[in-house]
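The values are calculated or read from the model by the stated rules, or taken from the named source; none is laboratory data. Bear in mind that the values here come from a model prediction, so they are computed numbers and not experimental data. Note that each Cβ is placed from the backbone with ideal geometry, even for glycine, and that neighbours are counted across all protein chains shown. The protein model used for the area step is the full one, side chains on, heavy atoms only, and it has no ligands, DNA or RNA in it. Shrake-Rupley method; radii C 1.70, N 1.55, O 1.52, S 1.80 Å.
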Amino acid sequence: MLDLKLNIQDYFNKELPADPILENSRRQVTEACFSFVTPKKTEKPELLHVSSEMLKTLGLTAEDGASADFLNVFTGNQLLPNTKPYAMCYGGHQFGNWAGQLGDGRAINLCEVTHTTKNWALQLKGAGETPYSRTADGLAVLRSSIREYLCSEAMYHLGVPTTRALSLALSGDQVLRDVLYDGHPEYEKGAIVCRTAPSFIRFGNFEIVAARDDKKTLKTLVDYTIKHHFSHLGAPSKETYIQFLKEVADQSLEMVMHWQRVGFVHGVMNTDNMSILGLTIDYGPYGWLEGYDHNWTPNTTDRAHSRYRYGTQPKIVLWNLVKLANALYPLVEEAAPLEAVLHNYSDTVEVAYLTMMRGKLGLENEHENHARIVTELERLLQESETDMTIFFRNLANLPKDKPVDWFKVVGTAFYAPLEITDELKSDWNLWFIDYSEALLKEVQTDDERKLKMNLLNPKYVLRNYMAQLAIEDADKGDYELIDELYQLLKKPYEEQPKNEKWFVKRPEWARNKVGCSMLSCSS
Ligand code: AMP
Ligand code: MG
């Protein structure tokens, strides 16, 4: 059996009240934070990929990853000895509205393990029904599983706080999905991803117990979370609860600033998809900016209002923090200190954003012009349809004291260079004059600046069409591109001469294609 150091007793028996009903029947689960469940046995499971990085992180070997035990455990067909899988109860605000009980409808926590002092919860996504499955089947399809698997590992290597992925497997079962919700359901290959994180607790876990006026369970959950994940805050008290909110706010701000930096659009920032540890969680209809566009969302379900578009992500974090603060209120019983935390977020978000953008632009010596340079650049990038990744990566090649044609440096980032109007061209010229002047105030050399900028501006991200190509191949039974992209995205900031073909703009065929720029929540 796999040599994992299990760490479960404390979790179940002492801390969280367990749901007494040990079966998967769908129901409202009250006065409890989770329910024991049994993963569904799968027909003919087949492992498609194992994250070598995550294996190592858990203390497992490549041999372990190739073993029959591994396949069976991470497709839900075999339980690790002395473990009791469970699904968590949470609620959430979806697209601005309270949705009541949601919960792990298709996620099953297998166990918790410790390796080199770090704790990891191992969770299967797509391993069958739970009490929280509501009207759905508890399963996941291959396309969304490939997207979650590749993207969460890619985000980790980009330095973005995220849940991770250990393995991607076919379940061998067929799953019925209506991709565009237009009455054309089709069978697709079922798949199971094993996700890992120190914890999968979300804002919604707190909201559901607060919404039920269940102060006792709320306190149990908050105290549990602090004890296990914010232990430096000390013993539970009103003060600790306020500090807890502050830390969640800080970590969430850090997370969303990374999203803005790399051009990641989550797509469904409902409060049930907000990790209490500030991790990117629940990779659904997410996307990567190709043409830089503050108004872009990949999520077709959100097309009407674009609530979760790229440019609003930092504000939505605040909206979600307000909901978390409300959920914590019964333990604090004073609004002012909770409000102070929220105000602090809104006071710091702009500074954090400017600091992040200055980093992307290689502007170290703070100057009052920088805010203007950033705002004007955003306008120009937006109006000229410019590839975000290519633009920032190539910008690092601009010398600070030699006159060069800026178009030679960043020109390949423009999707339609011939369509740029004279007015826009002249604005670009002015911007580059402004930026070059700012660069002249920098003490660092061009080489030093380039080195630093290249650590903030990735060369390779999981462009929407890249994931789609891997999915199309996989549907035909060819899984090689999954590994190619996995390997590529392990080193997103490095030059990889053999992989230049992935440092290109989105091909035209992918502009409006389902699965690339348009994704639904169907997964
Ligand atoms: P998501 O949009 O993936 O964040 O999911 C929102 C809620 O729907 C969560 O409670 C999920 O567990 C649940 N859910 C999504 N897909 C399924 C499914 N296929 N079966 C059961 N529950 C699901
Ligand atoms: Mg979710």
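Looking only at the stretch 301-314, which residues are among the charged types (D, E, K, R) and more than 18 Å from the chain's Cα centre (by Cα)?
Residue satisfying the conditions is 303 alone.
Check the stretch 338-352 and report whether any residue there is touching a Gly at 6+ places or on another chain (Cβ under 6 Å), under 25 Å from residue 395 (Cα atoms), open to solvent by 10 Å² or more (accessible area, probe 1.4 Å) and away from ligand 1 (no atom under 16 Å from the Cβ).
no
Examine the stretch 505-523 for a residue that is modelled with pLDDT of 95 or more, out of contact with any strand residue (DSSP E or B) (no Cβ under 6 Å at 6 or more places or on another chain) and open to solvent by 40 Å² or more (accessible area, probe 1.4 Å), and state whether such a residue exists.
no
Taking strands (runs of 3 or more DSSP E) that do not extend beyond the stretch 63-171, which have at least 1 residues that are more than 16 Å from ligand 2 (Cβ to nearest atom)?
86-88, 107-115, 118-125
Within the stretch 164-189, track down each residue that is surrounded by 24 or more Cβ atoms within 10 Å (Cβ to Cβ) and either touching a helix residue (DSSP H, G or I) at 6+ places or on another chain (Cβ under 8 Å) or not assigned by TED's automatic domain parsing to the domain that holds residue 109 (or both).
165, 166, 167, 168, 169
Output yes when any residue across the stretch 370-380 is over 20 Å from residue 461 (Cα atoms) and modelled with pLDDT under 95, and no when none is.
Among the residues of the stretch 370-380, not one is over 20 Å from residue 461 (Cα atoms) and modelled with pLDDT under 95, which makes the answer no.
If I ask for residues that are open to solvent by 70 Å² or more (accessible area, probe 1.4 Å) and either touching a residue at least 60 places away in the same chain (Cβ under 8 Å) or not in a helix (DSSP H, G or I) (or both), which ones from the stretch 405-436 would you list? Working first, answer last.
If we filter the stretch 405-436 for residues that are open to solvent by 70 Å² or more (accessible area, probe 1.4 Å), which is where we start, we get 405, 407-408, 412, 418-419, 421-423, 425, 429-430, 433.
Within the stretch 405-436, 405, 412, 421 meet the criteria.
For residue 126, indicate whether it is of a type outside the set (Asp, Glu) and in contact with a helix residue (DSSP H, G or I) (Cβ under 7 Å, 6 or more places away or on another chain).
yes
For the stretch 128-149, check the following and say yes or no: at least one residue is in contact with a Ser or Thr (Cβ under 6 Å, 6 or more places away or on another chain) and closer than 20 Å to residue 229 by Cα.
No, that holds for no residue.
Any idea which of 301, 297 is more than 16 Å from ligand 2 (Cβ to nearest atom), of a type in the set (Ser, Thr, Tyr) and farther than 25 Å from residue 197 by Cα?
The unique qualifying residue is 297.
Count, please, the residues in the stretch 270-300 that happen to be within 10 Å of ligand 1 (Cβ to nearest atom) and under 11 Å from the mean Cα position of the chain (by Cα).
6
So which of 44, 40 is modelled with pLDDT under 95 and open to solvent by 90 Å² or more (accessible area, probe 1.4 Å)?
The conditions single out 44.
Among the residues of the stretch 320-354, what is the count of those that are in contact with a Ser or Thr (Cβ under 9 Å, 6 or more places away or on another chain) and either closer than 15 Å to residue 266 by Cα or among the hydroxyl-bearing types (Ser, Thr, Tyr) (or both)?
Adding up the residues that qualify gives 2.
Evaluate the following for residue 387: is it touching a residue at least 60 places away in the same chain (Cβ under 8 Å) and under 20 Å from residue 461 (Cα atoms)? If you could, list the steps in order and put the result at the bottom.
Details: touching a residue at least 60 places away in the same chain (Cβ under 8 Å): yes; under 20 Å from residue 461 (Cα atoms): yes.
Yes; evaluated as a whole, the condition is true for this residue.
What single numbered condition from (1) under 28 Å from residue 17 (Cβ atoms); (2) within 16 Å of ligand 1 (Cβ to nearest atom); (3) open to solvent by 10 Å² or more (accessible area, probe 1.4 Å) fails to hold for residue 76?
(3)
Among the residues of the stretch 355-378, which ones are part of a helix (DSSP H, G or I), under 28 Å from the mean Cα position of the chain (by Cα) and farther than 22 Å from residue 511 by Cβ?
Our first condition is that a residue be part of a helix (DSSP H, G or I); within the stretch 355-378, this holds for 355-361, 369-378.
Filter once more, so that each one left must be under 28 Å from the mean Cα position of the chain (by Cα): 355-361, 371, 374-375, 377-378.
355, 356, 357, 358, 359, 360, 361, 371, 374, 375, 377, listed by residue number.
Of the conditions (1) in the same structural domain as residue 372 (by TED's automatic domain parsing); (2) within 30 Å of residue 133 (Cβ to Cβ), residue 436 satisfies every one except a single condition; which number is it?
(2)
Of the residues 461, 404, 443, which is among the β-branched types (Val, Ile, Thr) and touching a helix residue (DSSP H, G or I) at 6+ places or on another chain (Cβ under 6 Å)?
Going through 461, 404, 443 in turn, just one is among the β-branched types (Val, Ile, Thr) and touching a helix residue (DSSP H, G or I) at 6+ places or on another chain (Cβ under 6 Å): 461.
Between a first residue in the stretch 151-172 that is at positive phi and a second residue that is open to solvent by 10 Å² or more (accessible area, probe 1.4 Å) and assigned to a strand (DSSP E or B), which pairs have beta carbons less than 7 Å apart while being 6 or more apart in sequence or on different chains?
172/46
Look through the stretch 93-118, keep the residues that are more than 13 Å from ligand 1 (Cβ to nearest atom) and charged (D, E, K, R), and return whichever of them is least open to solvent (accessible area, probe 1.4 Å).
The selected residue is 112.
Do you know which of the residues in the stretch 293-313 that are of a type in the set (D, E, K, R) and assigned to a loop (DSSP other than H, G, I, E, B) is farthest from residue 265 (Cα to Cα)? I'd like the intermediate steps shown before the answer.
Residues of the stretch 293-313 that are of a type in the set (D, E, K, R), as a first pass: 293, 302-303, 307, 309.
From what's left, assigned to a loop (DSSP other than H, G, I, E, B): 293, 303, 307, 309.
Numbers: 293: 11, 303: 14, 307: 11, 309: 7 Å.
Taking the candidates together, the pick is 303.
With respect to residue 55, determine if the residue is among the hydrophobic types (A, V, I, L, M, F, W, C) and more than 22 Å from residue 174 (Cα to Cα).
yes
Looking only at residues in the stretch 119-151 that are within 14 Å of residue 170 (Cβ to Cβ) and among the polar types (S, T, N, Q), which one is nearest to ligand 1 (Cβ to nearest atom)?
Selected residue: 144.
What is the number of the single condition among (1) over 20 Å from residue 291 (Cα atoms); (2) without any contact (Cβ under 8 Å) to a residue 40 or more places away in the chain; (3) open to solvent by 30 Å² or more (accessible area, probe 1.4 Å) that residue 488 does not meet?
Against the list (1) over 20 Å from residue 291 (Cα atoms); (2) without any contact (Cβ under 8 Å) to a residue 40 or more places away in the chain; (3) open to solvent by 30 Å² or more (accessible area, probe 1.4 Å), residue 488 comes up short only on (3).
Which condition from (1) closer than 28 Å to residue 57 by Cβ; (2) surrounded by fewer than 23 Cβ atoms within 10 Å (Cβ to Cβ); (3) within 16 Å of ligand 1 (Cβ to nearest atom) is the one that residue 266 breaks?
Here residue 266 meets the rest and fails (2).
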